[in-house]
Amino acid sequence: MLRLKRFSSAVFLNSKNIFSREEKLVSPIHLSNPCRLTSSRFLDIYQGSKDEMNRGYFADINELKQHGGKIATANKIIIPAVAAVKFPALEVNHSDGSSLKLPIASIGNGVAANKAEAPKASLLCLSFRASSQAMVDSWSKPFLDTFKDSNRVQLCEISFIDSWLLTLSPVKKLLLRTMRKSNPDESNDVLHRQIVYSFGDNYYFRKELKILNLLTGYTFLLDKFGRIRWQGSGLATEEELSSLLSCTSLLLDEE
């Protein structure tokens with residue numbers, strides 16, 4: 001029995017080493033290249049939960065090879081309000097260290113939870129690994145170009161950082177300071193692309209959204225009450241972008 005336990009432990013440790021090596025192969029960011037760190041939104045360090053370990057990191061890679069990160073085709077029409085579910089609460093940080101609670105939504109009397117007027121439409125783009133940034137850009141840039149003059153729309157890109165080391169206060173502050181220098185405000189558009197960061201374990205957040213593959217990007221269009229009215233993943237297609245933009249326009253027209 002003792003030998004069996006030792007053998008199982010050895011297999012488990014070896015599996016973790018394999019996952020670590022595979023992450024280095026597919027990740028565009030390496031700790032040995034500090035110049036790359038200053039231009040990236042987050043450090044791409046894999047720290048999976050037991051569910052991810054059981055599912056297998058290779059499963060994420062295989063899915064990415066099969067459909068390029070397109071977990072499912074985006075909605076063609078807007079999700080009816082009565083069938084829409086709320087986006088789970090999430091606290092994020094701006095690069096200046098200030099915090100923001102998402103989603104920004106209206107409560108019963110129409111006053112937003114954070115004391116500011118809630119946007120009528122919010123596009124939240126989620127990245128769990130640096131490899132998905134190009135996917136997020138394929139959604140966010142056309143969205144910004146279309147609604148850049150609107151003060152009723154919010155665009156927020158969220159980078160998730162789940163490494164315990166990077167959540168330590170001194171390291172976190174240094175990382176945010178670095179990100180602030182590498183992501184200056186680029187335009188004077190009414191609609192600003194907010195780049196924020198979520199630190200710490202995000203397992204239960206992802207569980208609510210049924211997110212398993214961490215190598216792809218995810219987009220969610222919310223109404224003013226924080227309900228998910230449209231969603232997509234992977235690289236945006238022309239048809240999907242058309243659907244996103246039209247659904248956003250419908251939300252702006254809703255009472």
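What residues qualify as long-range amide H neighbours of Ala74, i.e. H under 5 Å apart, gap of 5 or more or another chain, H built at 1.01 Å from N?
Amide H neighbours of Ala74: Ser233.
How large is the accessible surface of Leu215 in square angstrom, using a 1.4 angstrom probe and rounding to the nearest 10?
0
Give the peptides 194-203, 85-94, 154-163, 169-178 in descending order of average Cβ contacts within 10 Å, highest first.
154-163, 194-203, 85-94, 169-178
The values are calculated or read from the model by the stated rules, or taken from the named source; none is laboratory data. Keep in mind it's a predicted model, so treat the numbers as computed, not measured. Quick reminder, even Gly has a Cβ in these numbers, built from the backbone with ideal geometry, and neighbours come from all protein chains shown. Heavy atoms of the whole protein, side chains included, go into the accessibility calculation; ligands, DNA and RNA do not. Shrake-Rupley method; radii C 1.70, N 1.55, O 1.52, S 1.80 Å.
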